[in-house]
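Written below as structure tokens is the structure these notes are about.
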Amino acid sequence: MAAKYATTADLAERWLCSPDYVRMIIREGKLSAVNLGGWKIRWDEVYRYEKEREKADAEMLRQQRLGFVR
């Protein structure tokens, strides 16, 4: 059975960033997590966050193409 929770190290590896960056996202409230001797993030929360970021990135590209953002 697959793990229901990811750690900051798991997400840092997945997103090619540092665990500190993942913890910053958690502290800012952008990613929901629980601290059980280390941050644990539900995979469904990870997928929600990734989808949200994907939409934001697509909107930024759209605005760049239209000339709203340089």
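Over the stretch 1-64, with every protein chain in place, what whole percent of the accessible area is carbon and sulfur at 1.4 Å, could you tell me? Display every interim value, and only then the final one.
Working: 2490 of 4650 Å².
Ligands and nucleic acids excluded, carbon and sulfur give 54 percent.
Say we join alpha carbon atoms closer than 10 Å with springs in a Gaussian network model of the chain; which of Val46, Val22, Val34 then has the biggest fluctuation?
Highest fluctuation of the listed residues: Val34.
Loop only per DSSP, at most 13 neighbouring Cβ atoms within 10 Å: give me the chymotrypsin sites (Phe, Trp or Tyr not before Pro) in the chain, ordered by residue number. Kindly include the intermediate steps, with their values, before the conclusion.
On the way: sites: Tyr5, Trp15, Tyr21, Trp39, Trp43, Tyr47, Tyr49, Phe68; in loops: Phe68.
Loop-located and lightly packed - Phe68.
Just tell me which lysines come within less than 22 Å, Cα to Cα, of Lys55; anything on the same chain fewer than 8 places away is out.
Hits, sequence-local ones excluded: Lys30.
Tell me the Rg and the Dmax, in Å, that the Cα atoms of the stretch 20-59 produce.
10.9, 37
Could you estimate the translational diffusion coefficient of the chain from the Stokes-Einstein equation, with Rh from the Kirkwood formula over C-alpha pairs, at 4 °C and 1.567 mPa s, in whole µm²/s?
Details: Rh = 13.3 Å.
In µm²/s, the coefficient rounds to 97.
Once you charge only the Cβ atoms, +1 for Lys and Arg and -1 for Asp and Glu, what is the size of the charge dipole of the chain about its Cα centre, to the nearest 20 debye? Don't skip to the end; give the middle numbers.
Details: 14 positive and 11 negative charges, 35 e Å.
Here the chain has a charge dipole of around 160 debye.
Write down the accessible area per residue of the chain in Å², having rolled a 1.4 Å probe over the full set of protein chains. The partial results should precede the final answer.
On the way: 5440 Å² over 70 residues.
Spelled out: the 1.4 Å probe surface of the chain, per residue, equals 78 Å².
Over the chain, calculate the relative contact order: mean separation of alpha carbon pairs under 8 Å at least 6 apart, over the residue count, as a percent. Walk me through the numbers on the way to the answer.
Details: 49 pairs, mean separation 18.6, N = 70.
Reported relative contact order: 27 percent.
GNM, the chain, Cα, under 10 Å: largest mean-square fluctuation among Ala56, Ala33, Ala12?
Comparing Ala56, Ala33, Ala12 in a Gaussian network model of the chain, the most mobile one is Ala56.
The values are calculated or read from the model by the stated rules, or taken from the named source; none is laboratory data. Keep in mind the model is a prediction, meaning the values are calculated, not measured. FYI the Cβ positions are ideal-geometry reconstructions off the backbone, even for glycines, and counts take in every protein chain you see. Accessible surface is based on the protein model in full, side chains and every heavy atom, while ligands, DNA and RNA are left aside. Shrake-Rupley method; radii C 1.70, N 1.55, O 1.52, S 1.80 Å.
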